[in-house]
Structures are given as structure tokens and as C-alpha cells.
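Visitor: What follows is a structure written as C-alpha cells; I'll ask about it next.
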Amino acid sequence: VLQSLERNAFTMGGITFPTKDVEHEFYRLLDLDFCDTPDSIAQVGEKRKRTASEEQTITSCHNNYTQLLLEAAHLARNGAVRAQHGAIIFCPSSDGTIQKVLGRGWNHDCAHQRLRAKTNKNKVVLHSECHAIADALKRFGEDECFNVLFPKAHIFIAELISDFAYDDSHPCPKCDPLLRAVGITKALYTMPDGTMMELALGTPCYELLGNENCSLPLKAACDEQGITCKRLADAMKEAANNRSED
């Protein structure tokens, strides 16, 4: 949002900065460059209601997360569905700075053959969290992600309203268990008042990977990326066998 504003609008409008450091930081944010993302994707999506059932702590927007916030908002603009969400999975260092970005994602439509066979729908809305997980799997590989990276990773989620304001981007009832299923430990997400909320996701629960609310979207995301995930395939097979026995 800051990047879409002209500097002259501030200087001509008579806005002043309390210190030179604040002024330099403001102009630095205006000049940030982000990674290129491909032009995407389709049109229709449904915004789902979400509730926060975990204890949450309001935190101010730490300087170390400023660039993550702006990049997540930049990713959200790729979304061609009604809810504009962007997500970044990253590993923080011990001092709280960003150590390594693992994956990036945004909400968009994706065709999925298995979903079509089960529900007579020809597409699924991939949420930004699911898209970012598949991106990480493609970039670093399944074993590295599940065994090393995801257990110490956090995810940053931003939701935009009309390209100029933030909204509550708490992980939805499908993405919350998916994040737990792959072992990501913490979520940071935007709120309408400009603050961030922090959600501890607790102990990884890998058995959730076999739940269709987790497995079908992640399978669609992996298919879109042209990758396979053995853990996901095994979990889906086990779940199917359990259903047939019942």
C-alpha cells in the first residue's frame, strides 16, 4: 500500500516526521523491491468465516517483520478470488530476525480432478497457506521440509481489503489443521486495526494429513506445482483404507 503512494503527496501535504531516522525508514519502505510472481489465475472464490479458538497475543508490528508484511500484502494482490490473502513461510533466527524464506503463496482457483469426481466441482480455491506449503516442498524437497524446516518454521499471513487496508487473516478451519499436519509451529496474521496477532499451533499432528480437508487442497497444490509428496500419498491411502474397512 505504501508503495502505491507518491512521496510528493506527503511532502506537499505538510506531513512532517519526528526524526530523520523515521523519515529515512519511511522512504526505504517506499523503495522496497519484491520477488517476481507469475500472473495468475482465475476468477471465483468464496470467502469463508473463521473463528479464533486459541489464546492469542496482540503484538506490535516489529521492525523485523515489516518487509514480510509488505511482501505478504504484495502476494495477496495476485489473488483472483474474493479474499485476497498472501502467506510467507519462514524460519526465524534466535534473535527474531528472518533467517530463511521457505515458501510463498496466495489465494487462487485451481482445477483438481479428484475434487471434481467427488463433489462435481471443477476447481478448488487454494488458500495462501496451502499454496505456500506446496511452494516450500517444491523448493526444498519433502524430507528437508518435514524433518528439518517446518518444525522450526513460522507463517506470516496478510489479508487485504480493496488494496488499501488489512483484515483479520486468522487461519481458517481448513488451513489451521493443515499447518499443524505439516508441523509449522506458529502463525502471525494481520488484524483490521493494523496490529499483528500471534497464534501458537502447538505440537505437530501429522495424522491430520489424512483428513480430506487437509489432503485434497494440498494434493491440488502439489499437482499444480508438478510435485509429489510421499507422506501425503501415504496418508491419503491409509485414510481410504480406513474408510473402506468402516
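Visitor: Go ahead and run the numbers for FRET between Val148 and Lys20, Cβ-Cβ distance against an R0 of 41 Å, rounding to 0.05. Don't jump to the answer; show the numbers that get you there.
Guide: Working: r = 42 Å, r/R0 = 1.03.
Working from the Cβ atoms, E equals 0.45.
Visitor: Given a 1.4 Å probe and heavy atoms of the protein chains only, how would you sort Tyr206, Tyr65, largest accessible area at the top? Intermediate results must be reported in sequence, preceding the final value.
Guide: Numbers: Tyr206 105, Tyr65 35 Å².
Accessible-area ranking of Tyr206, Tyr65, largest first: Tyr206, Tyr65.
Visitor: I want to check the label-to-label distance for Ile227 and Met191. Put each point 7 Å from Cα in the C-beta direction and report it in nm to one decimal.
Guide: For the pair Ile227/Met191, the computed spacing is 3.3 nm.
The values are calculated or read from the model by the stated rules, or taken from the named source; none is laboratory data. Nothing here was measured: the structure is a model prediction, and the numbers come from that model. Note: ideal-geometry Cβ built from the backbone for every residue, glycine included; neighbour counts use all protein chains shown. Ligands, DNA and RNA are stripped out before the accessible areas are found, and what is left, the full protein with its side chains, is counted by its heavy atoms. Shrake-Rupley method; radii C 1.70, N 1.55, O 1.52, S 1.80 Å.
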